[in-house]
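Step one of this worksheet: look at the structure below.
The values are calculated or read from the model by the stated rules, or taken from the named source; none is laboratory data. Keep in mind that this is a model prediction, so the values were computed, not measured. Virtual Cβ from ideal backbone geometry, glycine too; neighbours counted across all protein chains shown.
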Amino acid sequence: MTRKRTHIGRSGFAVGVAVLLAACSSGVAPGRLSQSVVPPSCVVAYDERTLAECKQLASMKGDGRAALAVAKYYESPRHTSNESAMDWYERAASLGQVAAYRKLFDAYSLGSITPRNAAKAEEYLERAREAGAEWAVLVAAKRLESSDPQAAVDRYLKAADQRSDRCIVTVDDARLDPVAGMRAHGDIRVGETVYTIGSPRGLERTLGQGIVSGLRHDDGITFIQTTAQISPGSSGRGLFDAAGNLVGVTALAAWGQGLNFAIAIDEYFHQ
């Protein structure tokens, strides 16, 4: 009787060990690699594959941006599913996505993709306000202004000068990010690049770019003349240099292209 022997060469043994080590080092059993791989990130879901990846990332990693992407997918005209969209906006909100607070506030207050619910709307307005969302702080201020204008002034307005169109307001329990620094107008040079950040027609955080055209003095106030855009709705915002330093507070756009002005920041707080 003849016995057959099986022989494994050195090369075959090496390959087998390499495969085994690779599987062990990844912490995944051989044959199950594809089932446990989590995508590194998800910003937008545009088809079934990316939708599944975003859901997986949100569920396994608690990724709020992924949950927000899933919600937007279900709200899009091609895949409208209001119930699913609300579920995922709720999940994104629970993961700290401030953008989800706004969506849920609008949905519950306007009844756009879900029945109106005043209590829910107030809940997400308050959560957004606590997170320092600018729109939520403004909504709260506007409401107080409508119901009791004098109370709104007493609560938010701390100082004002109508002659130079300046005011200082405060907000309650808001998270404010300080600017990198401030530069006096004597250190500003004509021709250097500056930037404006405003909200023309409600378009928050609109960035404009230009140069310093000159330094002007009018009625005891120093203005920085600039070609950086200052559209209606953007006054009272910041004018920044290339390093992120605040150099002025935007004041007005005069008649003429690129003819805009900001109050020099070192004079803004002077009485």
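Residues are listed down the side, and each one gets a yes or a no for (1) surrounded by fewer than 13 Cβ atoms within 10 Å (Cβ to Cβ); (2) in a helix (DSSP H, G or I); (3) not charged (D, E, K, R):
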residue	(1), (2), (3)
CYS54	no, yes, yes
SER84	no, yes, yes
ALA92	no, yes, yes
LYS103	no, yes, no
ALA119	yes, yes, yes
GLU122	no, yes, no
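Just for segment 215-228: of the residues that are assigned to a strand (DSSP E or B) and exposed (fewer than 13 other Cβ atoms within 10 Å of the Cβ), which one is modelled with the lowest pLDDT?
The residue in question is ASP218.
Among the residues of segment 194-246, those identified as more than 18 Å from the chain's Cα centre (by Cα) and aliphatic (A, V, I, L, M) are VAL194, ILE211, VAL212, LEU215, ILE221, ILE224, ALA228, ILE230, LEU239, ALA242, ALA243, LEU246.
Inspect segment 195-205 for any residue being modelled with pLDDT of 85 or more, within 22 Å of LEU138 (Cβ to Cβ) and touching a strand residue (DSSP E or B) at 6+ places or on another chain (Cβ under 8 Å) and give the result as yes or no. Yes, some residue in segment 195-205 is modelled with pLDDT of 85 or more, within 22 Å of LEU138 (Cβ to Cβ) and touching a strand residue (DSSP E or B) at 6+ places or on another chain (Cβ under 8 Å). Taking (1) of a type outside the set (A, V, I, L, M, F, W, C); (2) within 20 Å of ALA133 (Cα to Cα); (3) modelled with pLDDT of 90 or more in turn, GLY96 satisfies each apart from (3).
Taken over segment 185-203, the criterion of being under 20 Å from VAL169 (Cα atoms) and surrounded by fewer than 11 Cβ atoms within 10 Å (Cβ to Cβ) is satisfied by GLY202 alone.
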